[in-house]
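This report concerns only the one structure given below.
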Amino acid sequence: MRRVIPVLATAGLAVLLTAAALPAQAVPEHRGDSTGYGTKAPYQPRQNPRTYQQAPAGFVPVFTENVSRHGSRAATDSEDGDLVLALVEKARAANGLTAKGRAFGPKVRALQAAMSGVGYGDLSGRGKQELADTATRLARRLPGLFATIAKKGERIDVVSSGQGRAVDSANIYAGTLAEKDPALKPLIGPTRTDVDRLYFHKAAGGKAYRDYLADDQRLADTLKSITDQPRTHSAACSVLRKLFRTSFVDTLSADDQVAAAQAVYNLYAIAPAMREESPGGRGWGLERFLSKRDADWFGYLSDAEDFYEKGPGFQDSDITYRMADVLLDDFFRQVEAKRAGTSDLGAELRFTHAEEIIPLAALMGLPGSTQGVTTAAPYTYATNPWRGASVAPLGANIQWDVYRKGTTYLVRMLYNEKETPFKQSCRPVSKDSKFYDLNELERCFGRRL
């Protein structure tokens, strides 16, 4: 989440803007482990595999493909912890720490040390386990397919964005499949890199998107109006006054208060991803330093930024997600090659980032990613179902299982391992079925005229 100001100042009072056009926010309910964490929420499969539908009679699995976000990780840098610890030391010198503040500093130092030990931006123990568990469930879901792959000597292609945590996720996932069935090991190719399809927001095809982030005034004004609400300042004061005496908090400018509170929130949000590295693996206990209400507010601000910068965004523009077409095209291309008999692949396994999963979800019209907004009616929790923890948690994935009977090919989609219908304009093979004829998917996605 972008901070209002990157470094603390000790003088001057910034006045927060009042966003009169923004509706009042309803604070969302807490729902288990993902509450208030946005896209930093650790992964949880969304459906019991025992409840998956059976393929129609006579259809057998012949191919599977996925795209997965990397697993839980350490923060990408030490900036949040450094900012908080600098403030703690400044408050300590001024006798400005509360009892919770005195306890918070050592917690942050320990979390920082654990993240440094893992490697900033690298997979945590929890992240590695998330990928291994997802691969294990894939093998259990399609035992017949993997038996056929081994028998026929079909290849399993593994591809990543080339970024360290995505490469590691790919290797863990593929390694788990090989561990479950050693016959697959020689069929799994080395992890290769495809920047254009799996890091498209930084590739040549993402230039217009990057220009949008850098130069679009409507985007900048909207995000500023959402952040610069009185509720943000109120939440920032609430966060800081748990850690620091009011007299010390009052020495900070309004912008610095928000920046510091966001740093506290960011540490809170990343802590569950680092659970296995905590003392005894029991967690870091940062929940006691941040109220549910305040965590939810800063989680909303984080979600709003992701919504406008990566997700459905403004109704009259597809700039945030049209570049994901290269990845959706690859999904279709792989299945079509299987149908044409020109592919010797049994599985295509892809590993990437939230910057790719979120736009792809919007492009495909997946649940929660269908509703853009207008300037007059901006994104709020009360009026829009988009939530980062549901759309692209750490380890998020989209999987297509392909079945064949004669010359007919069916596709079933799993989104975070939940059977998920394709967009409304696509017709399943029967009412309430999660299986779709490939020809029908090509029609409704405009693949064939």
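Of note:
- Here residue 77 meets each of (1) closer than 27 Å to residue 162 by Cα; (2) part of a helix (DSSP H, G or I); (3) not polar (S, T, N, Q) with one exception, condition (2).
- Set side by side, the residues 185, 202, 180 differ, and just one is farther than 24 Å from residue 398 by Cβ and among the basic types (Lys, Arg), which is 185.
- Candidate set: the stretch 301-326, residues that are of a type in the set (Asp, Glu) and farther than 25 Å from residue 230 by Cβ; chosen: the one surrounded by the fewest Cβ atoms within 10 Å (Cβ to Cβ): 316
- Close pairs from the stretch 424-438: first among the small types (Gly, Ala, Ser), partner at pLDDT 95 or above, Cβ under 7 Å, at least 6 apart: 425/444; 433/53
- Check on residue 182, surrounded by fewer than 17 Cβ atoms within 10 Å (Cβ to Cβ) and over 30 Å from residue 360 (Cα atoms): yes
- Each residue in the stretch 389-443 was checked for being under 22 Å from residue 346 (Cα atoms), among the hydroxyl-bearing types (Ser, Thr, Tyr) and exposed (fewer than 15 other Cβ atoms within 10 Å of the Cβ), and 1 of them qualify.
- When restricted to residues that are of a type in the set (A, V, I, L, M, F, W, C) and outside any strand (DSSP E or B), the stretch 345-360 contains 4.
- Residue within the stretch 42-52 that is among the hydroxyl-bearing types (Ser, Thr, Tyr), in contact (Cβ under 8 Å) with a residue 40 or more places away in the chain, under 26 Å from residue 163 (Cβ atoms) and outside any loop (DSSP other than H, G, I, E, B) present: no
- Annotation note: of 103, 91, 57, the sole residue that is loosely packed, with under 14 Cβ neighbours inside 10 Å, hydrophobic (A, V, I, L, M, F, W, C) and at pLDDT 95 or above is 57.
- Filtered residues of the stretch 172-182 (kept if in contact (Cβ under 8 Å) with a residue 12 or more places away in the chain and in contact with a strand residue (DSSP E or B) (Cβ under 8 Å, 6 or more places away or on another chain)): 172, 173, 174, 177
- Residue in the stretch 330-341 that is part of a helix (DSSP H, G or I) and of a type in the set (Gly, Ala, Ser) present: yes
- Among (1) of a type in the set (Ser, Thr, Tyr); (2) more than 19 Å from residue 42 (Cα to Cα); (3) in a helix (DSSP H, G or I); (4) touching a Pro at 6+ places or on another chain (Cβ under 8 Å), the one test that residue 320 misses: (3)
- Residues that are within 17 Å of the chain's Cα centre (by Cα) and either hydroxyl-bearing (Ser, Thr, Tyr) or in a loop (DSSP other than H, G, I, E, B) (or both), drawn from the stretch 361-376: 365, 366, 367, 368, 369, 370
- Contacts under 7 angstrom Cβ, first residue in the stretch 122-140 being farther than 20 Å from residue 282 by Cα and at pLDDT 95 or above, partner of a type in the set (Gly, Ala, Ser) and in a helix (DSSP H, G or I), 6 or more apart: 122/164; 131/169
The values are calculated or read from the model by the stated rules, or taken from the named source; none is laboratory data. Note that this is a predicted model, so its numbers are computed, not measured. Every residue, glycine as well, gets a Cβ built from its backbone with ideal geometry; the counts of neighbours run over all protein chains shown.
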